[in-house]
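Worksheet: the structure to be examined is printed underneath.
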Amino acid sequence: TVTDINGNFYSIVQIGDQNWMGENLKTTHYQNGDPITHITNNGDWGSYDEGQYGVYDNNPSYADTYGNLYNWAVVDDERGICPEGWHVSSDDEFKELEMALGMSQSEADDTGYRGTNEGSKLAGNSELWDDGNLENNSEFGTSGFTALPSGFRHYSNGNFSHIGYDGYFWSSSENYSSSAWDRSLGYDYASVGRNYSG
């Protein structure tokens, strides 16, 4: 296991030549101990110059299950959000993960949902996912990554959306000055989405 600054423990899974945290992050502090601003009011969410986190529907039980929802400024902050010795994965590191699970290089370089069943391999805990192609694939949950449908918080208005249907993961790689590459898993797709978000 690995421990974050708040004392939360996370399992570790090896996939290919990489080690990944097998659970979603739920720290409320940067690695140096500084607090991350906790936003409960939708209207206060989305500042590009301040790291922020929220809990889906402001319900603490969701943090226990799904981890926290973070904006891009947290990911990009030099104080670091990950446990000591760990980092937010780059777009290329996500591609390496996907290729270790069977995706081709050309598919990994593409955008949108791509690959075959790599998303199903990365997902886990079928009871949390809405019924669809993701959990009905025979390879569901086989990688140990255990991605969950934690939904997201919209950058422009702070609304919570898609819990049970989708899971989203920031990469550390910017795409433009106002967006960064991410990964998504959707309940009705066995593949993995690669896009960029605000």
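The values are calculated or read from the model by the stated rules, or taken from the named source; none is laboratory data. Remember, it's a predicted structure, so these values are computed and weren't measured experimentally. Reconstructed Cβ throughout: ideal geometry from the backbone, glycine too, with neighbour counts over all protein chains shown. Quick note on the areas: whole protein, heavy atoms, side chains included, nothing else; ligands and nucleic acids left out. Shrake-Rupley method; radii C 1.70, N 1.55, O 1.52, S 1.80 Å.
Residues in the stretch 148-163 that are under 22 Å from residue 86 (Cα atoms) and either small (Gly, Ala, Ser) or free of Cβ contacts under 8 Å to residues at least 24 places away in the same chain (or both): 150 only. Among the conditions (1) under 26 Å from residue 10 (Cβ atoms); (2) open to solvent by less than 40 Å² (accessible area, probe 1.4 Å), the only one that residue 198 does not satisfy is (1). Out of 102, 85, one residue alone is more than 15 Å from the chain's Cα centre (by Cα), under 21 Å from residue 10 (Cα atoms) and in a loop (DSSP other than H, G, I, E, B). It is 85. Working carefully through the options 125, 59, find the one that is surrounded by fewer than 21 Cβ atoms within 10 Å (Cβ to Cβ) and in contact with a Leu (Cβ under 8 Å, 6 or more places away or on another chain). None of the others qualify; the one that does is 125. Evaluate the following for residue 142: is it in contact (Cβ under 8 Å) with a residue 60 or more places away in the chain, β-branched (Val, Ile, Thr) and surrounded by fewer than 18 Cβ atoms within 10 Å (Cβ to Cβ)? Judged against the criteria, residue 142 is not a match.
Residues that are under 15 Å from the mean Cα position of the chain (by Cα), over 17 Å from residue 10 (Cβ atoms) and touching a residue at least 24 places away in the same chain (Cβ under 8 Å) occur at least once in the stretch 37-59.
So, residue 110, is that one open to solvent by less than 60 Å² (accessible area, probe 1.4 Å) and at pLDDT 95 or above or not? Against the criterion (open to solvent by less than 60 Å² (accessible area, probe 1.4 Å) and at pLDDT 95 or above), residue 110 does not qualify. Among the residues of the stretch 15-47, the ones that are surrounded by 13 or more Cβ atoms within 10 Å (Cβ to Cβ) and in a loop (DSSP other than H, G, I, E, B) come to 15 in all.
Here 196, 189 are screened, and the one residue that is touching a strand residue (DSSP E or B) at 6+ places or on another chain (Cβ under 7 Å) and assigned to a strand (DSSP E or B) is 196.
Close Cβ contacts (under 8 Å, 6 or more residues apart or on different chains) running from residues in the stretch 18-34 that are under 15 Å from residue 2 (Cβ atoms) to residues that are charged (D, E, K, R) comprise 18/93; 18/96; 25/4; 26/4; 26/64; 27/4; 31/79; 31/84. Residues in the stretch 164-177 that are touching a residue at least 12 places away in the same chain (Cβ under 8 Å), open to solvent by 40 Å² or more (accessible area, probe 1.4 Å) and more than 20 Å from residue 112 (Cβ to Cβ): 1 in all.
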